[in-house]
1. I'm checking my understanding of the structure. Among residues of the stretch 8-31 that are in contact with a helix residue (DSSP H, G or I) (Cβ under 7 Å, 6 or more places away or on another chain) and within 20 Å of Ile85 (Cβ to Cβ), which one is modelled with the highest pLDDT?
2. List, please: which pairs have Cβ atoms under 6 Å, are six or more places apart or on different chains, and start with a residue in the stretch 67-93 that is within 15 Å of Ile41 (Cβ to Cβ) and end with one that is open to solvent by less than 60 Å² (accessible area, probe 1.4 Å) and of a type in the set (Ser, Thr, Tyr)?
Amino acid sequence: MRPIIIIQYTAVILVTNFNKLYLNDKLKEKLFNDQSKYLVIEAAYSVGFSDIVKSPCHYVSMSSFGKSAPYKDIAKDFSFTEEDIVKKIKEIL
C-alpha cells in the first residue's frame, strides 16, 4: 500500500493504511480537527480525504494516469518536487 503524507502545518502525519484510518473514528478525531488546515500529498489520484477531513484540505496529487517517464520528470509534471510542495504550503498559509 502506498504511503500518504498529510501536513497539518504544525505536524506531519504519515498514513500507510488509508482503510484503517477511514474506519477508525477515534483516530480520525485525534488527528483531524476543524481548526487546522491540511495539505494531503499523495503520489496517486487523491480520493477519500474529503470524507475524513472536514476543515480546509488542500491536495498535491495526480490528476491523470498513463504517464511514463523517469521519476524526476514525473515529479516535476505533477508538482511533487520539494520546491513545489514548499510553494504550495506558503500559498496556503
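The values are calculated or read from the model by the stated rules, or taken from the named source; none is laboratory data. Predicted, not measured: the structure shown is a model, and the values here were computed from it. Cβ placement follows ideal geometry from the backbone for every residue including glycine, while neighbour counts extend to all protein chains displayed. When the accessible area is computed, the model is the full protein with side chains, heavy atoms only, and any ligands, DNA or RNA have been set aside. Shrake-Rupley method; radii C 1.70, N 1.55, O 1.52, S 1.80 Å.
1. Taking the stretch 8-31 first, the residues in contact with a helix residue (DSSP H, G or I) (Cβ under 7 Å, 6 or more places away or on another chain) are 13, 15, 21-22, 27-28.
Filter once more, keeping what is within 20 Å of Ile85 (Cβ to Cβ): 13, 15.
Details: Ile13: 71, Val15: 75.
Taking the candidates together, the pick is Val15.
2. Ala75/Thr81
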